[in-house]
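The values are calculated or read from the model by the stated rules, or taken from the named source; none is laboratory data. Everything numeric here is computed off the predicted structure, so don't read it as measured data. Note: ideal-geometry Cβ built from the backbone for every residue, glycine included; neighbour counts use all protein chains shown. Heavy atoms of the whole protein, side chains included, go into the accessibility calculation; ligands, DNA and RNA do not. Shrake-Rupley method; radii C 1.70, N 1.55, O 1.52, S 1.80 Å.
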Amino acid sequence: MERSEIEAFLALAEELHFGRAADRLGFSTGWISQTIQRLERRIGARLFDRTSRRVTLSTIGVRFHDDLRPGYQQVQYALERAIKAARGFDDPLRVGFLGASAGQFVLEAARVYRAAHPRSEVHIQELQMHDCISGLREGAVEMVLNTRPLAEADLATGPVLWSEPRYLAVSTGHPLAGRDEISLEDLAGVTLLRMPDNAPASISDDRVPSRTPGGKPIAHGPPVSTFMEVLGLVGADEGAFTVDGQVTRFYLRPDVTYVPFGDAAPIEWGFVWRRADETARIRDFNERAVLLSRSFSWL
């Protein structure tokens, strides 16, 4: 059965009047009559008893209505839920973040989003270096506030929200720790800790290059899974790691020194989500985050 046939039958069964059924569906009386006749021919029995004064359901029509109505309501309910999910403002939005500054920003962005959509919930989850993108792909969260560059075919990226100057984290006893500024060429003299094996190649190549801009090789150390591992290994002088300026506000340690680069591009931050699962609520949250980023100040 076509959906139009189902709706025509149910409308006439409830209105028991061709004119009112037609008005309810926005069709002509003739269309309702032809649709019912076509349905009766398919079933092989009359569904309505008609006279010049009244329309009533036949015995078969009553049974057909009682069997059909619950199924149609279930289909309508499923359709409405799918539409709401696509619009995305009723179910909770799961937002992940990486690092303290991103967490602070996401909390404020969630407050702004809830103010615009009072019935909506935002579930916030901290992710680590090893599960930031894999958690997004596996459905643990729907969008993540993460660093760039990110070039993955299945992931969509929003506008850059802010950028931070680039630093090198070294142990306080490292020869570079006493410098006011370093160059990317200085990386030839350090061992860089590696990103997690499942990190996107674009981010790994940016943070842990194999050569300096001048072509000098850069040694690589063991991989890390979390930023706490990074700090522990750097503090123990097991390697160095490229970081952004927010670490100087949130991750101060007596055994780690952050030395700024004088010739390196800043590290950018922005939201990322699965391209195939983009919804109106993801777009709305991201748009509000963009507006917030223009006036947001970190503590």
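Give me the residue from segment 11-42 that is free of Cβ contacts under 8 Å to residues at least 24 places away in the same chain and under 16 Å from Tyr72 (Cβ atoms) and, out of that set, surrounded by the most Cβ atoms within 10 Å (Cβ to Cβ).
Per the criteria, the residue is Ala21.
For Ala45, only one of the following conditions fails: (1) within 15 Å of Val62 (Cα to Cα); (2) open to solvent by less than 70 Å² (accessible area, probe 1.4 Å); (3) part of a helix (DSSP H, G or I). What is its number?
Condition not satisfied by Ala45: (3).
Exactly one condition in (1) open to solvent by 50 Å² or more (accessible area, probe 1.4 Å); (2) assigned to a strand (DSSP E or B); (3) not charged (D, E, K, R) is not met by Met228; state its number.
Evaluating Met228 over (1) open to solvent by 50 Å² or more (accessible area, probe 1.4 Å); (2) assigned to a strand (DSSP E or B); (3) not charged (D, E, K, R) leaves (2) as the failure.
I'd like to check something: does segment 289-298 contain any residue that is more than 18 Å from the chain's Cα centre (by Cα), open to solvent by less than 20 Å² (accessible area, probe 1.4 Å) and among the charged types (D, E, K, R)?
no
Could you list, in sequence order, all residues of segment 100-137 that are loosely packed, with under 14 Cβ neighbours inside 10 Å, more than 16 Å from the chain's Cα centre (by Cα) and assigned to a loop (DSSP other than H, G, I, E, B)?
Pro118, Arg119
Quick one: how many residues across segment 9-41 are within 40 Å of the chain's Cα centre (by Cα) and closer than 18 Å to Phe64 by Cα? Don't jump to the end; show me each part of the working.
In the first step, residues of segment 9-41 are kept if they are within 40 Å of the chain's Cα centre (by Cα); the result is 10, 24-26.
Within this subset, residues satisfying the condition of being closer than 18 Å to Phe64 by Cα are 10.
Looking only at that region, the number is 1.
Just wondering, is there one or more residues in segment 177-197 that are within 31 Å of the chain's Cα centre (by Cα), among the basic types (Lys, Arg), buried (at least 16 other Cβ atoms within 10 Å of the Cβ) and not in a helix (DSSP H, G or I)?
yes
How many of the residues making up segment 198-208 are open to solvent by less than 40 Å² (accessible area, probe 1.4 Å) and closer than 21 Å to Leu231 by Cβ? Steps first, please.
First, pick out the residues of segment 198-208 that are open to solvent by less than 40 Å² (accessible area, probe 1.4 Å): 199-200, 202-204, 207-208.
Those still in the list that are closer than 21 Å to Leu231 by Cβ too: 199, 203-204, 207-208.
Selection size over segment 198-208: 5.
Within segment 138-176, how many residues turn out to be among the aliphatic types (A, V, I, L, M) and over 13 Å from the mean Cα position of the chain (by Cα)?
9
Would it be correct to say that Ala156 is in contact (Cβ under 8 Å) with a residue 40 or more places away in the chain, over 16 Å from Gly96 (Cα atoms) and either part of a loop (DSSP other than H, G, I, E, B) or open to solvent by less than 40 Å² (accessible area, probe 1.4 Å) (or both)?
No.
Is it fair to say Arg274 is modelled with pLDDT of 95 or more, loosely packed, with under 14 Cβ neighbours inside 10 Å and not β-branched (Val, Ile, Thr)?
So Arg274 does not fit the description; no.
Of the numbered conditions (1) farther than 18 Å from Gly96 by Cα; (2) crowded, with 19+ Cβ neighbours inside 10 Å, Arg281 satisfies every one except a single condition; which is it?
(1)
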